[in-house]
Amino acid sequence: MRRGAFIGLVMLGFLGHLWLASPASAGPRERVSEIVGSVSAVLRDPALQDTGRHLERQARVRAIIDEGFDFEVMGQQALGGRWQALTPAQRDEFVGLFAELFKRSYTRLVLRFLGERTTSYLTESVAGDRAAVETILEGGKDGRLPVGYRLADKDGRWQVVDVVIDGVSLARNYRAQFERVVRTSSYETLLRQMRGNAP
Amino acid sequence: MVTAPNDPWLRQWLVVGAVAAAAALGAAPAASGAADLEPTSGGDVQIETSTADGSDVQIETVQLDTDPGDGALEEYDPWEPFNGRMFTFNRQLDRFVLKPAGTAWDKVVPDEVQRSLKNALKNVGMPKRLVNNLLQGKFDGAAREFGRFILNSTLGVGGLFDVAAHAGVEASDEDSGQTLATWGVGTGPYLVLPFLPPLTARDGIGFAFDALLDPINYVAPFAADFARSAGDRVNERSLNLEVFDDFEAATLDMYSAVRNAYLQRRQKAVRE
């Protein structure tokens, strides 16, 4: 009886530790640190330094971005008011294309800049279900580069919904581009361009 | 044949006059920024900000925007057809002149030398930053700029090395466009001119006033000043070769991407 209670207590403690340490309870700064750390680990992995393994490095970084970013919220921000007019199927289509466009672009930036620089964390701001984490990328030719991450709490897990590089929000920048393409051509042209941008 | 005026005062006032006339044709209210945080839940919320080591925690209660899709930057561009043509010209200039020159420069000149050149040119521009800090009432910024100039000019060997930054004396990069914004002047229309970076009408006027504060303009003839500006552009392009390439590869519509990026950065600069 006492042995069973003891084993039960140990199991409870172990499961409690797992729960407390799980990503679902990580705060915004920890979440960003987790994502940035995972990417840096891939970029610095000696086994992946060979030029011939560039595609594998790229694929791993894309997988990390896929897991850490909420493309539905990002896509909604990027499309602005037009989002309300889309059917659920059209929204899914747009989010899929946007995710591919963003992952290609951001992976390229990350591969070029994150490996040779160190990330310093400055501040974390939390307001309800949104958060902002400000960092500085140091090193490289251009010295210090401020990078901010905007996160949203989705089902108890913080996901990145925007990246602000030196004051430029990527979501807002895409929104400006999409608005102009829709205004000067059409929404269908925008989708065609997004598909056409695919490799 | 029209020749470039050698009188720096006349040159600068010609630019000021041209841009002021453009601004008079359509000033717009200052572009309003959006809150950085836009939670999906509305009403009063508490924003808790803490530093990396958690030592400085500030909590403020604010009423935040309830519309997650709102807060887009106002982009006032009534001259888009003209700006578009100028943008295409500048892009061709970049593709066929600046980028090849920057690439060649990058191959020949070590990164440290490129950075030193950038530091030295920035050091010479201290009067502009000092005056604009004072005009905006940012006395701490003015003191830092003056201190940086003294440190970098002496210990930094004529500004080649940014010794001040290593000593923790950060720059306060203010210009006349930001001063005008602080005084309540609206951005005015977005403006693209040949050979120049993107501007708004307000920033264009500021750009002209900044040229009046550039000491080089008063000692160097026009040709030498032009050569310095061109050299500065090539050096800057060389330092950002990959950034430009990546930016271009990531965009669907280059014109609006550049316009938006410029306006966002200016909005941030005015806020700081």
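Looking at (1) of a type in the set (A, V, I, L, M); (2) closer than 30 Å to residue B:113 by Cβ; (3) modelled with pLDDT of 85 or more, which one does residue B:208 not meet, given that it meets all the others?
All conditions are met except number (2).
Search the range B:163-196 for residues being among the charged types (D, E, K, R) and at pLDDT below 90, and hand back the single one that is surrounded by the most Cβ atoms within 10 Å (Cβ to Cβ).
Only one residue tops the list, namely B:173.
Go through the range A:92-199 and tell me which strands (runs of 3 or more DSSP E), entirely inside it, have 3 or more residues that are in contact (Cβ under 8 Å) with a residue 60 or more places away in the chain and within 13 Å of the chain's Cα centre (by Cα).
Here the list reads A:145-154, A:157-165.
Scan the range A:112-136 residue by residue and report those that are touching a Lys or Arg at 6+ places or on another chain (Cβ under 9 Å), more than 7 Å from chain B (Cβ to nearest Cβ) and hydrophobic (A, V, I, L, M, F, W, C).
A:131, A:133, A:136, listed by residue number.
Of the residues that make up the range A:28-45, is at least one at pLDDT 90 or above, in contact with a Phe, Trp or Tyr (Cβ under 9 Å, 6 or more places away or on another chain), within 22 Å of residue A:105 (Cβ to Cβ) and not hydrophobic (A, V, I, L, M, F, W, C)?
Among the residues of the range A:28-45, at least one is at pLDDT 90 or above, in contact with a Phe, Trp or Tyr (Cβ under 9 Å, 6 or more places away or on another chain), within 22 Å of residue A:105 (Cβ to Cβ) and not hydrophobic (A, V, I, L, M, F, W, C), which makes the answer yes.
Take the range B:137-155 and flag every residue that is surrounded by fewer than 19 Cβ atoms within 10 Å (Cβ to Cβ) and among the polar types (S, T, N, Q).
B:153, B:154
Of all residues in the range B:86-107, which are of a type in the set (S, T, N, Q) and within 22 Å of the chain's Cα centre (by Cα)?
B:88, B:90, B:92
Table: residues versus (1) over 27 Å from residue B:252 (Cα atoms); (2) β-branched (Val, Ile, Thr); (3) surrounded by 18 or more Cβ atoms within 10 Å (Cβ to Cβ).
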residue	(1), (2), (3)
A:129	yes, no, no
A:143	yes, no, no
A:148	no, no, yes
A:152	no, no, yes
A:183	no, no, no
A:187	no, no, no
A:193	no, no, no
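Give the number of residues within the range A:27-82 that are more than 12 Å from chain B (Cβ to nearest Cβ) and touching an Asp or Glu at 6+ places or on another chain (Cβ under 7 Å).
Total satisfying the criteria: 1.
Listed here are the residues, each with its yes/no results for (1) touching a strand residue (DSSP E or B) at 6+ places or on another chain (Cβ under 9 Å); (2) free of Cβ contacts under 8 Å to residues at least 60 places away in the same chain; (3) more than 23 Å from residue B:234 (Cα to Cα); (4) among the aromatic types (Phe, Trp, Tyr).
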| position | (1), (2), (3), (4) |
| --- | --- |
| B:87 | no, no, no, yes |
| B:90 | no, no, no, no |
| B:97 | no, yes, no, no |
| B:116 | no, yes, no, no |
| B:120 | no, yes, no, no |
| B:129 | no, yes, no, no |
| B:138 | no, yes, yes, no |
| B:141 | no, yes, yes, no |
| B:151 | no, yes, yes, no |
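Looking at the range B:237-265 only, could you name the residues that are surrounded by fewer than 20 Cβ atoms within 10 Å (Cβ to Cβ), part of a helix (DSSP H, G or I) and modelled with pLDDT of 90 or more?
Scanning the range B:237-265 gives B:254, B:262, B:265.
Can you name the residue in the range A:95-119 that is in contact with a helix residue (DSSP H, G or I) (Cβ under 6 Å, 6 or more places away or on another chain) and among the basic types (Lys, Arg) and is also surrounded by the fewest Cβ atoms within 10 Å (Cβ to Cβ) among such residues?
A:112
Just to be sure before I move on: is residue A:147 at pLDDT 90 or above, touching a strand residue (DSSP E or B) at 6+ places or on another chain (Cβ under 8 Å) and over 22 Å from residue B:245 (Cβ atoms) in the structure I sent?
The answer is no for residue A:147.
The values are calculated or read from the model by the stated rules, or taken from the named source; none is laboratory data. Not measured: the values here are computed from a predicted model. Glycine also receives a Cβ, built like all others from the backbone with ideal geometry; neighbour counts cover every protein chain displayed.
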